[in-house]
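What follows is a single structure, written as structure tokens, with notes after it.
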Amino acid sequence: MGGETKLKGGKDKERGRKSGKKGGGARQDRGSKQWPRLDNLSVGYFRRVNDRLEEAFGPKEEMDMFVENVLSEIKGRAAIVATDMIGSVTLQKLLPLASPAQVGGVLAELGGDSGAEFAAVSCDRCGAHVLESALRQAHRLTGDGGKAEDQEAASEAEGAAQGGCEVLEEQLLLLSNAVMDRLTEVARDTHGTFVARRIAMTLAGSLGHSDRKTGQQPRDSNPEPMDFDPPPSFSAVLERLADCLLEQSSLFLTHSLASPVLQAVLNATHKKCPALCQRLTQGMMQYLTTLGAAPGTSPLLVFLKDQTSSRLLETLITVSQKSQLRDLYKNHFRGHLVTLALHPIANFPVQRLVAAAANYKLFLKIFDELLEGLEAILAAGHMGVIVQLAESCVRKEERQSQMMQSLLEAFHCWDPPPRRQSCAPLLLSLLAWEVYYKTESTEGDTKATQRPLSGVTYHGSCLVQSLLSYSDSSVLQVSLRALPPSDLLTLATDQSGSHVLEALVTSLTEKGRIKMLRRLKGVYVQMACSKFGSRALESVWSSASLRTRQGIAQELVGSKATLRSDQFGHHVFRNFALTHFLKRRDQWEELQTAQSKKRMMFSDILK
């Protein structure tokens, strides 16, 4: 039976291949609608267009003519081109180079007279990318009328640009409303969900990061902005989108594809439309509290442990105001923070809560509750909670000493006091004292065999960097400065550890920095020839005095040939102006003095 089914499927595929060779009449199923294929001649044409778009254009008129010619070939079959893989890539590259009127014209053809086709194109794997590219042109709605030689020409250019923007604005509104008419369908589609997210961001005036992969610059040769002022007509549509989201709260809370649409709206409106963002936040929280749960149990606890819902709750927590955070903690989190922090999914919303509350007195209550389960959270390996707790303490100095002591107690290096000098390698490697030194814990035992630093964990690096920012981090500074040069070299050349060395040099006093840099003597060449060590060395150099720089330069020029032949070392040799150091010492000293004065000047301004 299984063999017959497989054989039948094979015949169907073979028929599909044969019909595809004929060019015009074959159809392919992509998304919820079938679209005709492009014929082989057209596919070859758009391949050549793609190749040309990768090359640089000459005068602006040449680019304009090229764009106009290609769009004239697309006219009348924009939907077929947009839903073809090669045609879609062409349009994605072409739309940023087209005028607003031309972009509006392509959208008008894709959506049809009433925009009814927009939903189908949004759910197509290729068409969705074209619509996203068109939506990214919304920041040009202010018009790009160019400079004209006389007033009449300037007036005509301004009128044409304004007319083009009106066409584009009308089509973007039509696209947004058409998608919202079928929002539940589009948001649940693998490809449509991305169009829905882009619409939400566009309506709020946010573009996010640029995903353009072509080397071509936009029409105005300026970088694409991250945010723009949306036209007034967008606000009403954005309000309608918010209403749609609240009406279908259950879908956007639990569906893995639809939930990111609501997250995109919350993130986009958080700064641009705070009133609307808070309306959405309150509406979702009210919906969550109305759901059934066991007596005395918050319904939110169930959703915090769900992979899809927890991501939405993370966003809700991030954009919540002070009063909402207070209610969240009082009605849902209080008494459950440690349990949630130990959960493999719920610990992420806990991290967002700790970060969001860092500027308020609420953080003190959250800190005290989580501190009771600190060692259990460490044992569970949920270091994100610990790191976030340490980072938030940077802004709450009254809990810094308590956080430092609790961490050292958890790593078993607080008592007896001599163990505190070994806290740095323990925190960097996230290993308890007995595990790191491979000794059995006995009463009064403080001896341990010296062990070289074998590596640095990512979370260990983040934790140590946060602790170094405390008003009193002397215990950690002493431990780091006590590391032998071999361990400091390991730290400097490690991807995560190099950031720790940079933070340490910054946090030390001038006297302590000099002592620290003396311990690095003898390893500067190895640092310079390392990808991450060279970056750490440049950070050390920027904070060093002229006398210290002379010592570093003297050591480096002794291995001049090694540095010049190394892919990272030759950058250090150039950036430190070591050729001047060898041949024109006076000029080198003047240059270094000038750089130091400039750094101090900007440092005072920043402070």
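The table that follows gives values for the structure above.
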{"item": "Distance (nanometres) between label positions extended 7 Å along Cα→Cβ at Gln405 and Thr593", "result": "4.9"}
{"item": "Neighbour-limited loop hits for trypsin sites (Lys or Arg not before Pro), the range 514-550 (at most 16 other Cβ within 10 Å; DSSP other than H, G, I, E, B)", "result": "Lys521"}
{"item": "Gain in span if fully extended, Thr439 to Glu247, counting 0.36 nm per residue against the direct Cα distance", "result": "63.0 nm"}
{"item": "Apportionment of accessible area to carbon and sulfur, the range 32-138, percent (1.4 Å)", "result": "53"}
{"item": "Most positive-pole-ward Cα, Gln550, Ala482, Gly512, against dipole of the range 449-571 from beta carbon charges", "result": "Gln550"}
{"item": "Net dipole in debye of the range 467-576 [+1 Lys, Arg Cβ; -1 Asp, Glu Cβ; about Cα centre; nearest 20]", "result": "400"}
{"item": "Label-reachable residues, the range 540-554, where backbone N falls under 19 Å from a point 7 Å from Arg585's Cα toward its Cβ", "result": "545-554"}
{"item": "Net dipole in debye of the range 311-404 [+1 Lys, Arg Cβ; -1 Asp, Glu Cβ; about Cα centre; nearest 20]", "result": "360"}
{"item": "Förster radius 41 Å - calculated FRET efficiency between Arg279 and Glu61, Cβ distance, rounded to 0.05", "result": "0.25"}
{"item": "Heavy atoms of His382: accessible area, 1.4 Å probe, square angstrom to 10", "result": "30"}
{"item": "Probe 1.4 Å, protein heavy atoms only - accessible area per residue of the range 394-505 in square angstrom", "result": "45"}
{"item": "Accessible surface of the range 353-421 [probe 1.4 Å, protein heavy atoms]: carbon and sulfur percent", "result": "47"}
{"item": "Estimated FRET transfer efficiency (Tyr287, Thr190; beta-carbon r; R0 30 Å; 0.05)", "result": "0.70"}
{"item": "Which listed pairs, of Lys272/Lys322; Lys322/Lys365; Lys361/Lys511; Lys305/Lys361, have C-alpha distances above 25 Å, in listed order", "result": "Lys361/Lys511; Lys305/Lys361"}
{"item": "FRET E, pair Ser474, Gln321, Förster distance 35 Å, beta-carbon r, rounded to 0.05", "result": "0.40"}
{"item": "Lys305, Lys365, reordered so the largest accessible area comes first (probe 1.4 Å)", "result": "Lys365, Lys305"}
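The values are calculated or read from the model by the stated rules, or taken from the named source; none is laboratory data. Note that the structure is a prediction, hence the values are computed from the model and not measured. Reconstructed Cβ throughout: ideal geometry from the backbone, glycine too, with neighbour counts over all protein chains shown. Note: accessible area is taken over every heavy atom of the protein model, side chains too, but ligands, DNA and RNA are not part of it. Shrake-Rupley method; radii C 1.70, N 1.55, O 1.52, S 1.80 Å.
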